[in-house]
């Protein structure tokens, strides 16, 4: 009858060396009775390792499930909340007899820089639907930007909003200047941190100052 050969799974090097030198003591250290064969002892050892590995996976999965909602909550808390802001435009027919007449429309700001967003909406002008209601664009910019491609820069210091355009402001005279200043003043002064507004053109001169003395810079 052919001799049967039993192939055991390969043990880790350290355990294999220890079992080869001290098979009995190794079995006792692992808490295995002496009458249990080497193969059964290895099977028990392998099963123990597998159970510990699975327990580790369960633990990691639990920690991941607990941490993920926390991270999501933190991101939601730090993200800016949508905020409604007013944007003021001239409106016909009222502005035909009063060049400074403006009315507000609402916009939804998705940024913390609500004042900058509001000014950008003045520059963008009214929507098609708003134009049909009589609103008109208060200003037009043309040419290249002299501040990195932006349309304007805006800073608010000591309750004064300083707005400087980076492109040429198109104006045909007093009427256009009045519409520009009325729209920007009303839009920026809706914010409690702004009490006065300074509007400068691309060259740093006061928009609408026909005196040429830049009186807006003396406030």
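Once R0 is set to 25 Å, what does the formula 1/(1 + (r/R0)^6) return for the Cβ-Cβ distance between residue 193 and residue 111, expressed as a FRET efficiency to the nearest 0.05?
The formula returns an efficiency of 0.95 here.
If you stretched the chain out fully between residue 144 and residue 83, how much longer would it get, using 0.36 nm times the residue separation minus the C-alpha to C-alpha distance?
18.8 nm
Hey, rough spin-label estimate for residue 205 and residue 127, points 7 angstrom out along Cα→Cβ, what's it come to in nanometres?
Roughly 3.8 nm, to one decimal.
Pairs of alpha-carbon atoms within less than 8 angstrom and 6+ residues apart define the contacts here; what relative contact order does region 83-218 have, in percent?
Worked out over region 83-218, it gives 23 percent.
What is the fewest-to-most order of 215, 184, 141 by other Cβ atoms lying within 10 Å of their Cβ?
215, 141, 184
Could you grab the Rg to Rh ratio for region 112-174? Cα atoms only, Kirkwood for Rh.
1.01
Can you check what the Kirkwood hydrodynamic radius comes to for region 83-218, Cα pairs only, in Å to one decimal?
Computed over Cα pairs of region 83-218, the Kirkwood hydrodynamic radius comes out at 15.1 Å.
Bear in mind that the values in this text are calculations on the coordinates, not laboratory data. This structure is a prediction, so every number in the text was calculated from the model and none was measured. Cβ atoms come from the backbone with ideal geometry, glycine included; neighbour counts cover every protein chain shown.
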